[in-house]
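K.L.:
Sharing a structure, written as structure tokens. Questions coming.
Please treat every number below as a calculation from the coordinates, not as lab data. Everything numeric in this text was worked out from a predicted model, so none of it was measured. Virtual Cβ from ideal backbone geometry, glycine too; neighbours counted across all protein chains shown.
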Amino acid sequence: MSESLVIGADPAAVWKIGGDTANIADWVPAIEKSHQVGDLRYATFAGGGDATERIIEHDDAARRYVYEYVSGPLALRVYRSRFTVAEHAEGSEVLWEAEFEAETAEEEPALADAIRDIYRCALESLAERARA
């Protein structure tokens with residue numbers, strides 16, 4: 001699953017916001033607060049629930065990072081995501097990809113919809129901040 005958005009802003013400006021793994025609450029509406037200790041990122045969802053994610057790769061030169069879901073309120077058995085900011089003729093293209101497996105097959109469609117919605121809203125918010 002992936003979501004992408006072209007943003008009319010310089011890739012370095014978009015990465016400065018989106019690549020700051022500790023402060024995703026600044027631009028992801030689904031996250032109320034966030035902080036990072038070492039490679040572990042802690043996030044509190046708006047509406048409740050705490051999640052822990054591990055940043056497993058962070059490459060400023062490539063403007064890309066990869067993280068995994070360690071624990072939290074989502075019914076995930078496996079979750080790995082990659083966030084990338086690339087150059088685009090109109091400014092930047094942000095690609096947010098996820099590979100995941102729900103705890104049960106029945107939960108997978110709803111979980112995919114929820115993740116897609118989180119990504120879509122977050123990318124719109126990131127675009128607003130980057131263009132400001």
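K.L.:
Taking just the C-alpha trace of the range 40-100, give me its Rg and Dmax in Å.
P.N.:
13.5, 39
K.L.:
Take the chain, connect every pair of alpha-carbon atoms lying under 10 Å apart with a spring to form a Gaussian network, then pick out the residue of Pro11, Pro73, Pro109 with the largest mean-square fluctuation.
P.N.:
Most flexible of the set in this elastic network: Pro109.
K.L.:
Once amide H atoms are built 1.01 Å from N in the peptide plane, which residues 5 or more positions from Asp20, or in another chain, come under 5 Å H to H?
P.N.:
Excluding prolines and chain starts, which carry no amide H, there are no hits.
K.L.:
Mean-square fluctuation check for the chain, GNM, Cα pairs under 10 Å: which of Glu108, Glu53, Glu90 is largest?
P.N.:
Its mean-square fluctuation being the largest, the pick is Glu90.
K.L.:
Please arrange Ser81, Ser2, Ser92 by counting, for each residue, the other beta carbons lying within 10 Å of its beta carbon, fewest first.
P.N.:
If I rank by nearby Cβ atoms, fewest first, I get Ser2, Ser81, Ser92.
K.L.:
Next up: With N set to the number of residues, divide the alpha-carbon radius of gyration of the chain by 2.2 N^0.38 Å and report two decimals.
P.N.:
Its radius of gyration relative to the 2.2 N^0.38 Å reference: 1.01.
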